[in-house]
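Written out below as structure tokens is the structure these notes cover.
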Amino acid sequence: MMTRDDVLSVLRTVDDPEMPINIVDLGLVERVEVQAAGALNSGTSAPAEVQHVVIELLPTFVGCHALPMIERNVRDAVARLSGAGSVEVRFRFDPPWSPDRISEAGREALRRFGVTVPARAGQGASCAERPVSLSLPRPEACPVCGSTNVRLESAFGPTRCRMIYHCEDCRNPFEHIKRLM
């Protein structure tokens, strides 16, 4: 019988189409529910259990144009699991996705690829209680050389949730994920 952990394991093979990170480590997966959907006759005397899988995802950005591709890739991956009957993918915007959801393994994968991630927000304060920052986020260090001598090159990167910085020491450009509030 398929479990939630089986689904999460296969979702770790589904990469975000715009970043080198799987959707679990990126923090897109909000909920996975495996429900009994009935029995299939497998040609033997014992019926095989078919399950309905519901997956709720939090997009990184409301206008993300990669959502149809993510949905298709999730459906295809989960459908290959033994016992998967139907797969339902839902996109939710509450709670909103935040870079705080990116796992440590995901942060390291992004760093190796040359993408920095904002430090995790302070614990205890809700979004409504945190002050709104009007300044652009600054990466802690260049992912290539570790220098803090970086400058903003463009507030607009290849996707809406990223911006471009330039390291003055090693002369490499790199992307930084925006904190969207």
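Values in this text are rule-based calculations from the coordinates and carry no lab data. It should be emphasised that the depicted structure is a prediction, and the values quoted were computed from it without experimental measurement. Quick reminder, even Gly has a Cβ in these numbers, built from the backbone with ideal geometry, and neighbours come from all protein chains shown.
What is the local net charge at SER103, summed over the other residues whose Cβ is closer than 12 Å to its Cβ (Lys, Arg +1; Asp, Glu -1)? The partial results should precede the final answer.
Numbers: positive: ARG12, ARG101, ARG107, ARG120; negative: ASP25, ASP100, GLU104, GLU108.
Taking every other residue near SER103 into account, the sum is 0.
Derived scalar couplings between HN and Hα for region 13-18 equal 9, 9, 8, 5, x, 10 Hz in order, rounded to whole Hz, by the Karplus curve 6.51 cos²θ - 1.76 cosθ + 1.60 (θ = phi - 60°), x for Gly and Pro.
Between THR148 and GLU168, the simple spin-label model (points 7 angstrom out along Cα→Cβ) gives 1.3 nm.
The value of relative contact order for region 4-91, using C-alpha pairs under 8 Å at least six residues apart, is 29 percent.
Based on C-alpha pairs under 8 angstrom that are at least 6 apart in sequence, region 136-181 has a relative contact order of 31 percent. Between ARG112 and GLU88, the contour length at 0.36 nm per residue exceeds the Cα-Cα span by 5.3 nm.
Cβ under 10 Å from VAL115's Cβ, VAL115 left aside: what net charge do those residues give with Lys, Arg +1 and Asp, Glu -1?
Numbers: positive: ARG107, ARG111, ARG112, ARG162; negative: GLU175.
That works out to +3.
Peptides 109-121, 20-32 ordered by packing proxy, namely the average of other Cβ atoms within 10 Å per residue, highest first: 20-32, 109-121.
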